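Visitor: Once you've had a glance at the structure underneath, I'll fire off some questions.
The values are calculated or read from the model by the stated rules, or taken from the named source; none is laboratory data. Because the structure is predicted, anything quoted here is derived from the model rather than measured. Positions of Cβ are generated from backbone atoms using ideal geometry, with glycine treated the same way; all protein chains shown enter the neighbour counts.
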Amino acid sequence: MSAVVDSAGAPTPTLPRGGREEGRKTFWSHAKYVLSDNPITLFAATLFLLFVGVAILGPWIAPYNPLATNVGPSLQPPSLKHWFGTDSLGRDILSRVIVATRIDFVIALSAVGASFVIGGLLGACAGYFGGWLERIVMRGCDMVMSFPLFVLAMGIVAAMGNSVANIILATAVVNLPFYIRVARTEVNVRREAGFIEAARLAGNGDARILLVHLIPNAMPPMMVQVSLNMGWAILNAAGLSFIGLGVSPPAAEWGIMVAEGAGYIISGEWWVALFPGAVLMLAVFTFNLLGDGLRDLIDPRRRT
């Protein structure tokens, strides 16, 4: 065990290299246990890794150019050559579904990541310091949540323009209250706990107490919220594209593809909307199943 000297001149123990390596081994062994103990979590993690692989490798594994027209007869049903069929312009639907995975995942991950970090920090500060800061932050949450969230996202994108950056911004804004409320509640109930008082007596400042002692204890419920919000963010991006406020055609995006195929269902060309909609549903289903596993993985109280 080594030590460093803090600003007060007192030695502070640091974890040796072997201890850090042992901590990493403990984490991975716990992750292995969580996945093997819950088959549903293992199934969801497998689907998630599959989606991530498709998002990364999409342009290289797509059988056809997703923007190329007349790669086959228009509105051709599923066949050995075109597994998901073709759309009204003769584009291969499978290729477009594969390439669309990246843009939907980028939107969801960026928006949820931004709202997780910003909302978590704002909520933790509001719960820890209280007073005027807590009142301002919580009234801001109430103001955002007084609007139907999808309608608020529509308004932001309509006012700022339907670019990918604005879709990410709108999705992040409507997700902020979830993380602020969770972090504020978790920190508020622990700020007077015995281990926090011990940390204060040991000379830890407010910033260190928040970042090292309180926020990690708020992570498990926040990770469940991340999983649920990821599915909602994908649905939000697809919904905005469906009504014409999302990603602009001819880009491949699940919501655009469902919107383009909706008019052909009545005439019998069901595959144009079915396959993009089914993949969208599977992605949301995956994130909903992944929530409990993330909680078990992050929660230190479950590492036995």
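Visitor: Just wondering, is there one or more residues in segment 173-187 that are more than 30 Å from residue 243 (Cα to Cα) and among the acidic types (Asp, Glu)?
Guide: yes
Visitor: Which residues, taken from segment 87-120, are farther than 20 Å from residue 257 by Cβ and in contact with a Leu (Cβ under 7 Å, 6 or more places away or on another chain)?
Guide: 115, 118, 119, listed by residue number.
Visitor: Checking residue 133 against (1) surrounded by 15 or more Cβ atoms within 10 Å (Cβ to Cβ); (2) closer than 16 Å to residue 181 by Cβ; (3) of a type outside the set (S, T, N, Q); (4) in contact with a helix residue (DSSP H, G or I) (Cβ under 7 Å, 6 or more places away or on another chain), which single condition isn't satisfied?
Guide: (1)
Visitor: Taking segment 198-209, which residues are outside any helix (DSSP H, G or I) and in contact (Cβ under 8 Å) with a residue 24 or more places away in the chain?
Guide: Within segment 198-209, just 203 meets the criteria.
Visitor: Go through the residues of segment 185-197 one by one and say whether even a single one is outside any helix (DSSP H, G or I), surrounded by 13 or more Cβ atoms within 10 Å (Cβ to Cβ) and of a type in the set (D, E, K, R).
Guide: yes
Visitor: Please enumerate the residues belonging to segment 235-249 that are part of a helix (DSSP H, G or I) and over 18 Å from the mean Cα position of the chain (by Cα).
Guide: Selection gives 241, 242.
To keep it simple, each residue is scored yes or no on (1) modelled with pLDDT of 85 or more; (2) within 30 Å of residue 250 (Cα to Cα).
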position: 163; (1), (2): yes, yes
position: 166; (1), (2): yes, yes
position: 170; (1), (2): yes, yes
position: 179; (1), (2): yes, no
position: 203; (1), (2): no, no
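Visitor: Of all residues in segment 72-101, count the ones that are of a type outside the set (A, V, I, L, M, F, W, C), surrounded by fewer than 19 Cβ atoms within 10 Å (Cβ to Cβ) and touching a residue at least 24 places away in the same chain (Cβ under 8 Å).
Guide: 3
Visitor: Which residue is nearest to the chain's Cα centre (by Cα), if the candidates are limited to segment 225-234 and must be crowded, with 20+ Cβ neighbours inside 10 Å and of a type in the set (A, V, I, L, M)?
Guide: Of the residues in segment 225-234, the ones crowded, with 20+ Cβ neighbours inside 10 Å are 225-227, 229-234.
Checking which are of a type in the set (A, V, I, L, M) leaves us with 226, 230, 233-234.
Details: 226: 5, 230: 3, 233: 7, 234: 9 Å.
For segment 225-234, the residue satisfying everything is 230.
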